[in-house]
Amino acid sequence: MNIISALQWRYSVKRFAPEPVAPALLRQLLEATGLSASAFGLQPYRLLLVESPALRRRLLAHSMGQHKVVEAPHLLVLAADVGPDERLVSRYLARLAEVRGADAAALSAMSDHYLSFLAAQSPGARREWAHQQAYIALGTLLTGAALLGIDSCPMTGINPAGYDRELGLVEQGLATTAICTLGYRHPEDAQAGLAKVRLAYDELVRRY
């Protein structure tokens, strides 16, 4: 599918078939999500693939009755760094040195720039910035899934604090941003055949 056809095809699946996504294809999707645009390349978030059925049943209690959390073949939680700081920068620069072999002077200048950006924001603003980066990754995840023929359903109608407790995220310095179920649409999902409703191009796009 080209990208327009893929995005016309995708919708937020209400009922999933039990068939799982093949491991290699699921990995390809998660790797594609990791290539998402991210401010400075810092990626202040993690992708948590929840595979335990028991844990998923506990998460249902924090999901406003959305049974897809337990019924879909795969559940992904996007969790943001609650306090992005010099450790985030250090990890990124270490990875940069490993991949590109950047020299010490260049790394030092980049470190100063990134740290000054973070220092100029309040803790709350840094946390919100991290969540925004996770949302960018979510967009890449949904688009990538459509291009690969994988169905999805992103959800923010959850109790993030409940997810944080069940997944032990506070201890990891993370906080739930959103969740997304993945798999394949059930043949009896009534939403599958409905035309997608979006703003018309000329209403959506404004030229200045």
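At a glance:
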| quantity | calculated |
| --- | --- |
| Filter pass, R198 being open to solvent by 50 Å² or more (accessible area, probe 1.4 Å), farther than 30 Å from V89 by Cβ, without any contact (Cβ under 8 Å) to a residue 24 or more places away in the chain and touching a helix residue (DSSP H, G or I) at 6+ places or on another chain (Cβ under 9 Å) | yes |
| In segment 32-70, residue farthest from the chain's Cα centre (by Cα) [restricted to those that are under 23 Å from T143 (Cα atoms) and hydroxyl-bearing (S, T, Y)] | S38 |
| Identity of the residue in segment 142-183, open to solvent by 30 Å² or more (accessible area, probe 1.4 Å) and of a type in the set (V, I, T), that ends up farthest from E128 (Cα to Cα) | T143 |
| Given (1) surrounded by 15 or more Cβ atoms within 10 Å (Cβ to Cβ); (2) closer than 25 Å to G193 by Cβ; (3) out of contact with any Pro (no Cβ under 7 Å at 6 or more places or on another chain), number of the condition H67 does not satisfy | (1) |
| Long-range neighbours under 8 Å by Cβ, at least six apart or interchain, first residue farther than 10 Å from E71 by Cβ within segment 4-17, second part of a helix (DSSP H, G or I) and hydrophobic (A, V, I, L, M, F, W, C) | A6/A146; A6/L147; L7/A146; W9/A146; R10/L142; R10/A145; R10/A146 |
| V21, sole failed condition from (1) open to solvent by less than 30 Å² (accessible area, probe 1.4 Å); (2) in contact with a helix residue (DSSP H, G or I) (Cβ under 8 Å, 6 or more places away or on another chain); (3) part of a helix (DSSP H, G or I) | (3) |
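The values are calculated or read from the model by the stated rules, or taken from the named source; none is laboratory data. Note that the coordinates shown come from a computational prediction; the quantities given were computed from them, not determined experimentally. A quick note on method: Cβ atoms are made from the backbone with ideal geometry, for glycine too, and the neighbour counts reach across all protein chains shown. The accessibility values were calculated without ligands, DNA or RNA, using every heavy atom of the protein model including side chains. Shrake-Rupley method; radii C 1.70, N 1.55, O 1.52, S 1.80 Å.
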